[in-house]
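Please treat every number below as a calculation from the coordinates, not as lab data. The shown structure was predicted, so the numbers you read here are calculated from the model rather than taken from an experiment. Cβ coordinates were reconstructed from backbone atoms using ideal geometry, including for glycine residues, and neighbour counts include every protein chain displayed.
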Amino acid sequence: MGHQSTSDITADVLRFNREYQWYGTTLKDNRLGVALKEETGETLDTSKYDYPYYFCVVKTHDGEYKKDIVTGTRKTLDMNGDGVIDIGDISLLLSQYGNTPEKDYYDVSENGIVDIQDIITYLLYSTVYGTKE
């Protein structure tokens with residue numbers, strides 16, 4: 001059995017015909033991140049990278065069964081709970097500006113206060129704006 005260092009993380013998925021792609025991200029989010037080039041194995045050695053969070057997208061295809069499995073947890077982007085990421089969520093975030101967040105997901109940048117960094121970070125989620133949560 002091989003030795004894994006403490007910087008190794010593994011996506012353990014019980015299926016056949018798996019394809020892995022690891023991502024690094026600065027936020028607790030498993031939708032957006034930077035695809036780590038050539039990191040397509042079951043295990044990732046995080047010591048080669050400088051991201052606080054990592055996630056893996058595992059594509060499985062067993063006969064008729066086809067599914068994408070995403071590891072890790074992510075922040076809630078639908079802040080008002082209406083099922084869509086839209087201007088209502090941005091308005092709610094703006095109403096929290098300058099305050100200690102009432103809910104942890106208001107603090108998108110995870111620095112303990114709702115500030116301009118949270119607003120900018122949220123707006124950079126343009127790939128999910130207008131989509132269902």
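Each Lys and Arg adds +1 at its Cβ and each Asp and Glu adds -1 at its Cβ; summed about the Cα centre, segment 41-108 shows a dipole of about 140 debye.
Taking Lys and Arg as +1 and Asp and Glu as -1, the other residues whose beta-carbon sits under 11 Å from that of residue 117 total -4. Taking amide H positions as modeled 1.01 Å from N, with prolines and chain starts lacking one, no residue 5 or more places away or on another chain lies under 5 Å from residue 113. With a Förster radius of 25 Å applied to the beta-carbon distance between residue 7 and residue 40, the computed FRET efficiency rounds to 0.90.
When the Cα atoms of segment 23-70 are enclosed in a convex hull and the volume is divided per residue, what value in Å³ results? It would help to have the intermediate numbers written out before the result.
Values: hull volume 3.7 nm³, N = 48.
Convex hull volume per residue, Cα atoms: 77 Å³.
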